[in-house]
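The values are calculated or read from the model by the stated rules, or taken from the named source; none is laboratory data. What you are looking at is a predicted structure, and each value in this text was computed from that prediction instead of being measured. No Cβ is skipped: glycine too gets one built from the backbone with ideal geometry, and neighbour counts run over all protein chains shown. To get the accessible areas, we keep the full protein, side chains included, count just its heavy atoms, and leave off ligands, DNA and RNA. Shrake-Rupley method; radii C 1.70, N 1.55, O 1.52, S 1.80 Å.
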Amino acid sequence: MTDPVTYDTEGKIAIVTVNNPPVNALGFAVRQGLVDAFDRFDADASAEIAVLVGAGRLFLGGADISEFGKPMKDPQLPGVVNRIERTAKPVVAAIHGAALGGGLEVAMACHYRLAFSGTKLGVPEVTLGILPAAGGTQRLPRLAGMDAALEMISSGKPVAPEKAQVWGLIDRIVSEGDPRLAGIAYAEELLAEGATPRPTSAMEAAPATSDAETWDRLMQDRYPGQAAQRHAVQAAFGAVTLPFEDGLKEERRLFLDLMESPQREALVHAFFLERRVSNLPDLKDITPREIASVGIVGGGTMGSGIATACILAGLPVTLVETTVEAAEKAYLAVSKNLDGAVKRGKMSDAARAAADLTTTTEYEALSEADVVIEAVFESMDVKRQVFDQLDRVMKDGAVLATNTSYLDVNEIAAGTKRPEDVIGLHFFSPAHVMRLLEVVVADRTSAEVAATGFALGKKLKKIAVRSGVCDGFIGNRILSHYRSAADEMILQGASPYQIDAALERFGFAMGPMKVADLAGLDIGHMTRQRKGPQPGVVNPDWADRMHEMGRLGRKSGRGFYIYGDDGPQEDPEILKIIDEVREAHGITPKEFTDQDIWERYMTAMVNEAARVVGEGIAKRPQDVDAVLLFGYGFPRWRGGPMMYADHVGLATIRDRIARYGEENPEFWQSAPLIEELAQSNRKFSELNT
Ligand code: T1G
């Protein structure tokens, strides 16, 4: 293992290089290496100025997040940063790629800062449930002014060097070249000018336009329920109300408070989930098949979305539709998506020009495709006909994938001559935007084909989660369960609008009724028709009435809400229908508080999720968290339903189920896994690998 921090000199210039792949995280060895390097620089009489630079693709990626929750070894980052600032001779930070969190805090303790165009400069700590805790809340206001610092610290969003230079955070910008050489050149200039150390801590911060109370209220409005942003802003105001050392102490106090919070654990869990949930231990030694071209069958919303996602990943796509008109329509739909991607800066003009899309009515055009994904009408008969054609035309070794959202992938596979090559790839609409992909591994899907499904997910920059075969796979199966809990509450007295508002206050991006309106109420109606009555599941008679009234949700202008120019409006007619249904059931409506709604809704979600894990549909609790976080708008700072349940305690979950079960025992039965873990006082997280 090479030294993560090296020291060398060129003439009067010392170069301190951090080399800790993949992101130069400031783990213990790097922290110790930096202290040793700057002690050496101070003692090195031949060196009159130092350049700090990162090896590899970026400067410094911040503290080592994998150390969180463990005892932190000295030297800790605040001490390292203060040590660099105290250096008796000037220090230049030569920043490229990214300087994030502790990485930017180290740069701010240097005396001069050079950055390459395109560098990400940020303090994203609040996205991890903490705050910049190596002096960032005190130095950033002094370099950039309070207004800029408060925006950066509270949003966690990176800024470009050009903007940072205007504020005073960056002194010099270079467009290209080698960071070490650029740092040396800048250091030579500074030496020639007789530059001396400029300790940031000795500077004054430009005051904020708005006061601390205003900012605190703003944080509560922007990030309801979250602690990190409020603490971070409180710490930052110390830069204008306290001496530097006291500001650091206040920053540390608030940081340690956040470090202990469940929100920090949840956000760090989500950070690593995003990057690791697709790495399945049992597939790590399996080589996926090559994916050089993709075929799509069906050019509707899903098919054209999937085609767009593949083209954005640089894959050539051949899309088959039933008629020339439908093929042309699909071509236009994909083209529109791609033009939108260019407008949003998600696709370069060159990539747009190189986009390789063929639409046709001939299945034979799929004969060379490595993977074909069908996204046709959700009917087993239609799917089977499509797979008959695919079986006929596709080359050996190609992967046959279905985008079905609930049909039995085993049955689809059984209808082909190559069931081991069949897999489910369940995309979420819009398929070129939503990051979640459920990779549905059927009973006879080969490990190689499963690995190929994940490899395609990686190419498409999806968060791919493995699912077994069941009605609804992971996400939709759990969704139908907690939606039934919501229906039960409506029948008992809660209004659909109260449920939406309560769950948005819980942190969901959108309440379940708004989600249903967005997806189309006809989908829910078809699902209920398909499944028929389920034991203990309340049939939402009001929804049947709404269907008869032609209320399809947002697409028809009316669903649970009325959709006009000023957004979704509650509809008294719906409340009247629900009252009539309650009366018909002889139910006297009862009051529900937010807490009641949260608890019942979440308990239903956790209970079904526990069954999904217990049955092996999801291999690990973290897979359920990933699906709900990245596909269903679950609040990131709660970490997903399994993390939420661990924080509540599984014994509490079990007791809630028992209490609800007194009224409706058929619906409320504890999943065996909850009973087992609650009994042994264990957590879902202990089952994660
Ligand atoms: N610590 C540990 N591991 C990290 C890491 C970090 N800071 N950043 C990335 N990794 C891992 C990541 O899990 C993955 O490994 C691999 O590196 C590549 O990551 C005191 C306390 C830097 C922009 O929040 O934003 O400083 O999971 O796929 O797309 O105030 O990584 O596959 O095994 O994301 O090129 C603040 C977080 C920490 C930056 C590069 N810093 N990282 O993106 O690679 S808190 C951050 C990123 C802090 C101080 C506080 C991105 C990146 P694996 P990747 P990328």
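Data overview
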item	result
Candidate set: segment 39-62, residues that are open to solvent by 40 Å² or more (accessible area, probe 1.4 Å) and of a type outside the set (S, T, N, Q); chosen: the one farthest from the ligand (Cβ to nearest atom)	45
Residue that is farthest from residue 37 (Cα to Cα), among those in segment 111-124 that are open to solvent by 10 Å² or more (accessible area, probe 1.4 Å), more than 12 Å from the ligand (Cβ to nearest atom) and outside any loop (DSSP other than H, G, I, E, B)	116
Criterion: among the hydroxyl-bearing types (Ser, Thr, Tyr) and either farther than 22 Å from residue 223 by Cα or not in a helix (DSSP H, G or I) (or both) - qualifying residue of 127, 87	87
Number of the exception - residue 247 against (1) in contact with a Gly (Cβ under 8 Å, 6 or more places away or on another chain); (2) assigned by TED's automatic domain parsing to the domain that holds residue 457	(2)
Residues that are in contact (Cβ under 8 Å) with a residue 60 or more places away in the chain and open to solvent by 60 Å² or more (accessible area, probe 1.4 Å), drawn from segment 69-91	69, 86, 88
Residue match in segment 546-556 (condition: among the aliphatic types (A, V, I, L, M), open to solvent by 40 Å² or more (accessible area, probe 1.4 Å) and either assigned to a helix (DSSP H, G or I) or more than 27 Å from residue 472 (Cα to Cα) (or both))	yes
Odd one out for residue 181, checked against (1) assigned to a helix (DSSP H, G or I); (2) within 11 Å of the ligand (Cβ to nearest atom)	(2)
Enumerated helices (runs of 4 or more DSSP H) restricted to segment 580-661, each holding at least 3 residues that are modelled with pLDDT of 95 or more and polar (S, T, N, Q)	594-614
Number of the condition not met by residue 36 [criteria: (1) within 15 Å of the ligand (Cβ to nearest atom); (2) of a type outside the set (A, V, I, L, M); (3) surrounded by fewer than 16 Cβ atoms within 10 Å (Cβ to Cβ)]	(1)
Subset tally (residues that are crowded, with 19+ Cβ neighbours inside 10 Å and at pLDDT below 95) for segment 356-378	0
Condition check for residue 99: within 25 Å of the chain's Cα centre (by Cα), within 11 Å of the ligand (Cβ to nearest atom) and assigned to a strand (DSSP E or B)	yes
Test for residue 205: is it open to solvent by less than 50 Å² (accessible area, probe 1.4 Å), among the small types (Gly, Ala, Ser) and part of a helix (DSSP H, G or I)	no
Residues of segment 154-166 satisfying the condition of being under 14 Å from residue 98 (Cα atoms), surrounded by fewer than 18 Cβ atoms within 10 Å (Cβ to Cβ) and of a type in the set (A, V, I, L, M, F, W, C)	160
Residue identified as modelled with pLDDT of 95 or more and either at positive phi or under 20 Å from the mean Cα position of the chain (by Cα) (or both) among 270, 235	270
Filter result (closer than 10 Å to residue 312 by Cβ and either open to solvent by less than 70 Å² (accessible area, probe 1.4 Å) or in contact with a Phe, Trp or Tyr (Cβ under 7 Å, 6 or more places away or on another chain) (or both)) within segment 338-351	338, 341, 347, 351
Residue match in segment 298-307 (condition: outside any helix (DSSP H, G or I) and farther than 30 Å from residue 420 by Cα)	no
Tally of residues being open to solvent by 10 Å² or more (accessible area, probe 1.4 Å), closer than 24 Å to residue 629 by Cα and either assigned to a loop (DSSP other than H, G, I, E, B) or charged (D, E, K, R) (or both) across segment 256-279	9
The one condition in (1) closer than 27 Å to residue 276 by Cβ; (2) at pLDDT 95 or above; (3) outside any helix (DSSP H, G or I) that residue 31 fails to fulfil	(3)
Positions within segment 528-541 being outside any loop (DSSP other than H, G, I, E, B) and in contact (Cβ under 8 Å) with a residue 60 or more places away in the chain, in sequence order	531
Residue check, residue 118 out of contact with any strand residue (DSSP E or B) (no Cβ under 9 Å at 6 or more places or on another chain) and assigned by TED's automatic domain parsing to the domain that holds residue 173	yes
Subset tally (residues that are part of a helix (DSSP H, G or I) and either open to solvent by 40 Å² or more (accessible area, probe 1.4 Å) or of a type in the set (A, V, I, L, M) (or both)) for segment 217-229	7
Single residue of 150, 190, 169, 181 found to be assigned by TED's automatic domain parsing to the domain that holds residue 119, hydrophobic (A, V, I, L, M, F, W, C), within 14 Å of residue 107 (Cα to Cα) and surrounded by 14 or more Cβ atoms within 10 Å (Cβ to Cβ)	169
Verdict on residue 256 being in contact (Cβ under 8 Å) with a residue 40 or more places away in the chain and within 30 Å of residue 134 (Cα to Cα)	no
Check on residue 210, more than 16 Å from the ligand (Cβ to nearest atom) and open to solvent by less than 70 Å² (accessible area, probe 1.4 Å)	yes
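So that you can scan it fast, the table gives a plain yes or no per residue for (1) more than 9 Å from the ligand (Cβ to nearest atom); (2) modelled with pLDDT under 95; (3) among the basic types (Lys, Arg):
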residue	(1), (2), (3)
70	yes, yes, yes
89	yes, no, yes
104	no, no, no
109	yes, no, no
145	yes, no, no
168	yes, no, no
